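*Asks:* My questions all concern the structure below.
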Amino acid sequence: MTGSDRPLRLGTRGSPLALAQARMTAQALCAHSGWPQQAIETVIVQTSGDRIQDRALAEIGGKALWTKELDRALVEGEIDFAVHSMKDVETIRPGAIRIAAMLPRADVRDKLIGAESFDALPAGPVIGTSSPRRAAQVRRLRPDARIILFRGNVATRLGKLAAGEAHATLLAAAGLDRLGQSDVGALIPLDIMLPAPSQGAVGIETLSENRAMLDLLAAINDSDTFDCVMAERAVLKGLGGTCHSPIAALAVVDGAALHLRAEILSADGQERVAEEARIARGDQEAGEAMGRALLDRASPALRALFEA
């Protein structure tokens, strides 16, 4: 079946979206290898990010809250591989762990839920989000907006909106699509709101020394998604970006190269610095250079957001 006497163990968070992404990963691997579905066992690992819902991620440890428990499970041999939303994965990963594959990327755009457009919102709208990027982009579009903290899974956030806690919220189209809720919300064009780096991408990690698992995962890797997401992550590395920092980036395949766009914003959205370039696939240094160029052009106040 999998070359051993036990199923392969796939580690995942326990949210409905995380479980949907784990199913996609298991199905892709079984379909490619001709295995029955019982060849892969899903192991739910609760993360700090799932447990702590009343504060912004930036205040309580950033993206590591989504990954550290899965990392521990990998290193201690409790799981063989782990699945993540790539936008939740910190920029610098432990040397013992490798991003081995990514599934084909879904819709990268954000959706506005609660109104058809930003112009359709009432004066002084209350917008629920936990994302510094979305908050800054909303404030740039609607300086009269008041941002309140919306944490939790998709259902929790939609429930808060339905309860009247805010006029609108923003969610990734990819997550809604994977949960079978494609009809929820209005898509926001990319020229209005550039997404988070890695948005819409599902990544799979394993131990750097687990050659058998690396080979298995390489077979289901979508190279277009992988190259684009790694370019966006290179921008983050050049910026030293954290969960505190409003950053957007998107790479798309452009012939044999990539077209890479990125922007950084002040928390109030009033300062925005943007760059774009055509870079070679796999050119991590070009992505990092774009991140540094954004900082070079930023005001001292904006640059300080990236020095914490």
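The values are calculated or read from the model by the stated rules, or taken from the named source; none is laboratory data. Given the structure is predicted, the values throughout are model-derived calculations rather than measurements. Glycine gets a Cβ as well: all are built from the backbone with ideal geometry, and neighbour counts include every protein chain shown.
*Asks:* It is to be established whether one or more residues within the stretch 228-251 are over 19 Å from T67 (Cα atoms) and more than 20 Å from the chain's Cα centre (by Cα).
*Replies:* No, the stretch 228-251 has no match at all.
*Asks:* Further question: Quick check on my filter: what residues within the stretch 178-198 are charged (D, E, K, R) and more than 29 Å from E275 (Cβ to Cβ)?
*Replies:* R178, D183 - these are the residues of the stretch 178-198 that are charged (D, E, K, R) and more than 29 Å from E275 (Cβ to Cβ).
*Asks:* Related question: Considering every residue within the stretch 196-205, establish whether at least one is among the β-branched types (V, I, T), touching a Phe, Trp or Tyr at 6+ places or on another chain (Cβ under 8 Å) and not in a loop (DSSP other than H, G, I, E, B).
*Replies:* Within the stretch 196-205 (the criterion being among the β-branched types (V, I, T), touching a Phe, Trp or Tyr at 6+ places or on another chain (Cβ under 8 Å) and not in a loop (DSSP other than H, G, I, E, B)), the answer is yes, since at least one residue qualifies.
*Asks:* If you check L214 against the conditions, is it under 24 Å from I99 (Cα atoms) and not in a loop (DSSP other than H, G, I, E, B)?
*Replies:* So L214 fits the description; yes.
*Asks:* If you don't mind, there's one more thing I want to ask. Whether any residue in the stretch 178-188 is in a helix (DSSP H, G or I) and either modelled with pLDDT of 95 or more or surrounded by 20 or more Cβ atoms within 10 Å (Cβ to Cβ) (or both) is what I want to check.
*Replies:* Checked against the condition, which is being in a helix (DSSP H, G or I) and either modelled with pLDDT of 95 or more or surrounded by 20 or more Cβ atoms within 10 Å (Cβ to Cβ) (or both), the stretch 178-188 yields at least one hit.
*Asks:* Residues being part of a loop (DSSP other than H, G, I, E, B) and either touching a residue at least 40 places away in the same chain (Cβ under 8 Å) or touching a helix residue (DSSP H, G or I) at 6+ places or on another chain (Cβ under 7 Å) (or both): count how many of those fall in the stretch 119-153.
*Replies:* 13
*Asks:* Right, here's the next one. Tell me which residues, restricted to the stretch 246-256, are surrounded by fewer than 16 Cβ atoms within 10 Å (Cβ to Cβ) and either outside the structural domain of A293 (by TED's automatic domain parsing) or assigned to a strand (DSSP E or B) (or both).
*Replies:* Within the stretch 246-256, V252, V253, D254 qualify.
*Asks:* Of the conditions (1) in a loop (DSSP other than H, G, I, E, B); (2) in contact with a Gly (Cβ under 7 Å, 6 or more places away or on another chain), G269 satisfies every one except a single condition; which number is it?
*Replies:* Here G269 clears every test but (2).
*Asks:* What's the number of the only condition in (1) farther than 20 Å from Q137 by Cβ; (2) assigned to a helix (DSSP H, G or I); (3) not basic (K, R) that N221 fails to meet?
*Replies:* The one condition N221 does not meet is (2).
*Asks:* I'm trying to understand the selection: among the residues of the stretch 193-211, which are among the hydroxyl-bearing types (S, T, Y) and either surrounded by fewer than 24 Cβ atoms within 10 Å (Cβ to Cβ) or farther than 18 Å from C228 by Cα (or both)?
*Replies:* T206, S208
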